[in-house]
Amino acid sequence: MRRRTVLTSLAASSIAVAGCSTGEGVDTGGAGETGGGGGGDAAAFVAAISAQPDQLDPHKTTAYASFQVLENVYDTLVVPSADDLSMQPSLATGWTTSDDQLTWTFTLREGVVFHDGSPFTAEDVVFSYRRIIDQQLANSARFASVADVVAQDPTRVVLTLSAPTPNLLSNIGGFKGMAILPRSVDEASLTTKAVGTGPFRLESSGAGEIALTRFEDHWGQAPSIDGVTFQFITEPAAALTALTGDQVQWTDNVPAQQVASLAGDDAVELGQVASVDYWYLAMNCAKAPFDSRDVRRAVAFALDREAITEAARFDTARVNQTAIPEGSEWHHDYAPFTTDVDQAKSLLAGAGVGGPLTMGLMVTSEYPETVTAAQVIASQLEPLGITVDIQTEDFATWLDRQGRGDFDAFMLGWLGNIDPADFYNEQHRTDGPNNYQKYSNPVTDDLLDRAGVEGDRATRKSLYDQAAQQIVDDVSYLYLYNPDAIQAWKPGITGYETRADKAVDFETVTLPS
Amino acid sequence: MSAAAAPVRPRRNRFLAGARLLLGSPPALFAALVLVGVVLVALFDDQVAPSGANDVDVQQRLQPPGAGHWFGTDDLGRDVLSRVVLGAKVSLQVGVVAVGFSLVCGVLVGLFAGFYGRWLDTALMRLMDVLFAFPAMLLAIAVIAILGPGTTNAMIAIGITYTPVFARVTRAAVLGVRESVFVRASRSVGASDPRLLFRHVLPNALPPIIVQTSVSLAFAVLAEAALSFVGLGTQPPAPSWGRMLAEGRGYVDLAWWIAVFPGLAIVVLVLAFNLLGDGLRDVLDPQQRSALEAARARSGRRRRRTPGRTS
């Protein structure tokens, strides 16, 4: 599960540096675009992302910016397909499951080499997975049911499970946080260096930009572009100007309010796909008066989600009262709340909350849409007698307060989820690692536990539907909307696809000749 | 009574003459009018603003300036004019409180340092030097990092930032006054230190402090806008010009009015404080003042000679 985390100070310092290095981008990019000056095929592909990666160790970082880069450098055993995010072979060419669902055997691709020239074997898979499990790194929860990882022979890896895990594939392949590293790697250097099997190798990483070059010995087809340079442009307007000004060829930092006008703009190609992200409001279930289910339900009834979504995202998001978006096969159509202030008032009265109420709402300027939405939420809760005290924090402080449970309510989003377990388990199970709102309901726990080990897909879906319903009814999260993934690139660039999980894969990109 | 027999200090007349001299200069007059206007707007903001500053209406978003909304509406459908009007109150509040804070602290420090000299002077002024060593905004941001964002903390941060300026200005003025004949005379007849400090030294050291106050108000308004712009000052949804600029920045090519009107408001208020500061300096500096008076007197004589006026 990825929560985009970015060190604000890093991002701030990168603005100045990126400003300097953009000049170089203009020169090379311009030469490539115009084809003049004998640039030949040495065309540069510059991608502008909104933040600087905090570090490049795939097993340790949780920052989306890092994964935008690492997506092109590392591989996983399986990988989500672009169309429906179902798991497809990658470093593993196939897998078998024992009858009791407790032993998974993966057959590995042969002839794969790492960027340092060493061959890829089963030992590397064991090393990588053991590293995550033994050092309890960022994604160790994804291996919660894995009892053992063994290299049966150089091309076969066996995972032994303590309980059936129907979503094992999405656990080990959902994103590059489960990347395979060579067992000879110098672990300390992984913060700034990378040795993967992906289509690009990491050439250099600095404060201003990160440069990747084509890996000729890639197990698939080597990319047609020579390399990718990632630049960090925090300001959406600046990123867009850089794109139209030919300084960058691709960006995902597109202001939502510009999307409508960009759609008709020939100078820019727009990729817009419903993403699997969701944004929500969470109230502190361990703190009065929000520990009262009725108070939380009152808030849920008072909000006008359409207005919040429109304000935060213009027309680039869809209202949803559950987490999983409409396009997904795991979507459950359930929307019990309508905007009804009278109902909200009587719920508040019933909960014994007579007097005026103050709700501190923690948001972060790192994600400006939370600040915007908070102001709409504040105005909508006013008729209810709830004064919303909007607390804008820098993201580091925000995360710290969230971790300590020092809040009345907060708003944020989760991104890149694929399996329903990703959407609900860690956030809503009692004492789940991401259950910062301290929600606890034995009924929900039981449903989630049963769904987690259920092998039959239909039964599993029905269990998750019930769990989702319980979570929505209890207002553990107050779900608001699913945004679109929006990316823009120069016309003529082919082979790139905007994906629902927002993985940024430049492997098959070709530049206009 | 003996008081009446004491040497008369023509205080009132000097003040009036000074005010007349000040308002005789067009820039200062303009500044004074603007400031009176802004203060009135800030005092009667509820009456002046056409609607509530936080009345969100997403359906009415990004309306251009027109009959319904003179300054248009912002991305949440709020009336920009109302927010600019309420923002005036925030700007003035922060400016006045922050400068008041640095005025009191800085003047006391400068007064003691300059009057007593020796180790106290060294200790206090080195402390001020330390504060001075940091760029103003950086220091304000550091203070806010410790205290947490918010309007009150912005006031404190800006106040701390400008304290050394007042300390230096005061100390320099005090050094000039300390050895004056009247101070020594007063001391020789047994006047206490507090009496010397606040009755004799401070009043005579005031002119540069007054000028500095006006100029600092301009800086304080700018600093509040800057802090709010980066999200450390006034918190949403409260309107602050700096915040409005930041929010409007992403909409410049779609809805220029969101950023332009609060930006103009900042320009006008800061300009007014600066012009007033210039005017005050001319009036309060003895040399400048006599030159000014002489110039006025000349033009006055000319005017008196014109026909029609004499009748």
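The table that follows gives values for the structure above.
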quantity	calculated
Shielding by partners - mean other protein chain Cβ count within 10 Å, residues of A:246-257	1
For the pair A and B, total buried accessible area rounded to nearest 100 Å², probe 1.4 Å	1500
Per residue value of the accessible surface for the range A:150-273 (all protein chains in place, 1.4 Å probe), Å²	37
Ranked packing of A:254-262, B:35-43, A:412-420, most packed first, by mean Cβ within 10 Å	A:412-420, A:254-262, B:35-43
Average beta carbon contacts from partner chains per residue of B:231-244, 10 Å cutoff	3
Percentage, to the nearest whole number, of Cα pairs in the protein assembly as shown over 45 Å apart	40
Shielding by partners, peptide A:306-314 (average Cβ within 10 angstrom, other chains)	3
Equivalent ellipsoid semi-axes - Cα gyration tensor, chain B, angstrom	42, 29, 15
Other-chain or far-sequence residues with amide H under 5 Å of A:E393's (modelled H)	A:V363, A:T364, A:S365
Descending principal axes extents, the range B:178-311, alpha-carbon based, whole Å	67, 58, 21
Where only C-alpha atoms are counted, convex hull volume of the range B:248-297 per residue in Å³	81
Partners for A:K176 among lysines (Cα-Cα distance below 19 Å; same-chain residues under 8 apart left out)	A:K60, A:K193, A:K502
Computed over the range B:111-257, Cα set: Rg, Dmax in Å	20.3, 73
For a label point 7 Å along the Cα-to-beta-carbon line of A:L137, residues of the range A:145-180 with backbone N under 13 Å	A:176-180
A:S184 paired with A:E203, simple spin-label distance in nm, labels 7 Å along Cα-to-beta-carbon	2.5
Estimated inter-spin distance, A:A144 and A:T244, nm [label 7 Å along Cα→Cβ]	4.8
Sites A:D340 and A:A286, calculated FRET efficiency, Cβ-Cβ separation with R0 25 Å, nearest 0.05	0.40
Gyration tensor (alpha-carbon) shape descriptor, the range A:209-336, a/c threshold 1.5	prolate
Amide H partners (placed H, <5 Å) of A:A485, local residues excluded	A:V273, A:A274, A:S275
The range A:118-269 - charge dipole about Cα centre, Lys and Arg +1 at Cβ, Asp and Glu -1, debye rounded to 20	660
Relative pair counts by distance (%), Cα atoms of the range A:399-445, 5 Å bins	5, 20, 27, 25, 17, 5
For a label point 7 Å along the Cα-to-beta-carbon line of A:R130, residues of the range A:164-196 with backbone N under 12 Å	A:183-184
Three principal axis lengths of the range A:421-513 [C-alpha, angstrom, descending]	61, 30, 21
Kirkwood Rh in Å, taken over all unlike Cα pairs in the range B:71-191	16.8
The range A:43-105: equivalent-ellipsoid semi-axes (sqrt of 5 x gyration tensor eigenvalues, Cα, Å)	31, 15, 10
Translational D in µm²/s for the range B:93-154 (Stokes-Einstein at 4 °C, 1.567 mPa s, Kirkwood Rh from C-alpha pairs)	100
B:A191 paired with B:A172, simple spin-label distance in nm, labels 7 Å along Cα-to-beta-carbon	2.4
Gap separating the Cα centres of the range A:190-255 and the range B:111-128, nearest whole Å	57
Computed E for A:A263/A:D153 - FRET, C-beta separation, R0 56 angstrom, nearest 0.05	0.60
Taking only Cα atoms of the range A:48-188, radius of gyration then Dmax in Å	14.7, 48
Near-label residues of the range B:146-187 by backbone N, under 14 Å of a point 7 Å along Cα→Cβ of B:D129	B:168
Within chain A, percent of DSSP bridges classed antiparallel, to nearest 5	75
Mean Cβ neighbour count within 10 Å, used as a protection proxy, ranking B:207-213, B:26-32 highest first	B:207-213, B:26-32
P(r), alpha carbons of the range B:8-122 - 10 Å bins starting at zero, rounded %	12, 22, 26, 19, 13, 7, 1
Förster radius 41 Å - calculated FRET efficiency between A:V443 and A:A222, Cβ distance, rounded to 0.05	0.20
The range A:369-479 - Rg (one decimal) and Dmax (whole number), Cα, Å	16.0, 48
Under the Debye formula (equal points on every Cα, no solvent term), log10 I(q)/I(0) of the range B:168-237 at q = 0.18, 0.20, 0.22, 0.24 Å⁻¹	-0.72, -0.80, -0.89, -0.97
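The values are calculated or read from the model by the stated rules, or taken from the named source; none is laboratory data. Model, not experiment: these values are computed from the prediction. Here the Cβ is made from the backbone with ideal geometry for all residues, glycine too, and neighbour counts use every protein chain on show. Please note that ligands, DNA and RNA were not included when accessible areas were found on the heavy atoms of the full protein model with its side chains. Shrake-Rupley method; radii C 1.70, N 1.55, O 1.52, S 1.80 Å.
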